[in-house]
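Engineer: Just dropping this structure here.
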Amino acid sequence: MKKILLVDDEESIHLLYRDELEEAGYEVHSALSGDEALHTFDILKPDLVILDINMPGLNGIDTLRCMKEKKPDLPIILSSAYQEFKQDLASWASDDYIVKSADLSELMDAVRKHLS
């Protein structure tokens, strides 16, 4: 079973994404901050990371950089409520960028693409 690390400071996103991802057969682990994500990342060794950008403390872009330094080939999907971050050059280090929505088809398509 493929392991996904879901990093977001919003509990509602965790519930929504977790249900969909687990129903699709993935093992989902959660982190509520960039710092927690980096700690979990080292222990879990996930197959994919879904990462929010706008979080208190260590933001998603800095967390992305740290993760890519440790494991450059790990697929990381940035997930943000803000479309404008997609234009930020720092976000280009991610493997995909999705805008948060109640329709999870774009997220699920990106996950399947990177884990197949």
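Engineer: Any chance you could list P(r) for the stretch 3-115, counting all Cα-Cα pairs in 10 angstrom bins from zero, rounded to whole %?
Structural biologist: Pair shares across the bins are 15, 55, 30, 1.
Engineer: Can you work out the Karplus-derived ³J(HN,Hα) for every residue in the stretch 102-116? Use 6.51 cos²θ - 1.76 cosθ + 1.60 with θ = phi - 60°, whole Hz, and x for glycine or proline.
Structural biologist: After applying 6.51 cos²θ - 1.76 cosθ + 1.60, I find 5, 7, 8, 5, 5, 4, 5, 4, 5, 4, 4, 4, 7, 10, 8 Hz.
Engineer: Could you give the length gained by full extension between LEU58 and SER12, i.e. 0.36 nm per residue of separation minus their alpha carbon distance, to one decimal place?
Structural biologist: Full extension of this stretch gives 14.6 nm more.
Engineer: Rounded to whole Hz and in sequence order, give me ³J(HN,Hα) for the stretch 51-61 from the Karplus expression 6.51 cos²θ - 1.76 cosθ + 1.60, θ = phi - 60°, writing x for Gly and Pro.
Structural biologist: Per-residue couplings from phi come out as 10, 6, 9, 8, 10, x, x, 6, 6, x, 5 Hz.
Engineer: Same structure again: Over the alpha-carbon set of the stretch 1-66, divide Rg by the Kirkwood Rh and report the Rg/Rh ratio to two decimals.
Structural biologist: 0.95
Engineer: So for the chain, if I pair up every lysine 8 or more residues apart or on another chain, how many of those pairs have alpha-carbons under 18 Å apart?
Structural biologist: Close lysine pairs under the 18 Å cut-off: 14.
Engineer: Now, a different point. Taking +1 at the Cβ of each Lys and Arg and -1 at the Cβ of each Asp and Glu, which of LEU64, LEU107, ILE53 sits farthest along the dipole of the chain towards its positive end, judged by Cα position relative to the Cα centre?
Structural biologist: LEU64
Every number in this text was worked out from the coordinates using simple rules, so none of it is lab data. The shown structure was predicted, so the numbers you read here are calculated from the model rather than taken from an experiment. In this analysis, Cβ positions are derived from the backbone assuming ideal geometry, glycine residues included, and neighbour counts consider all displayed protein chains.
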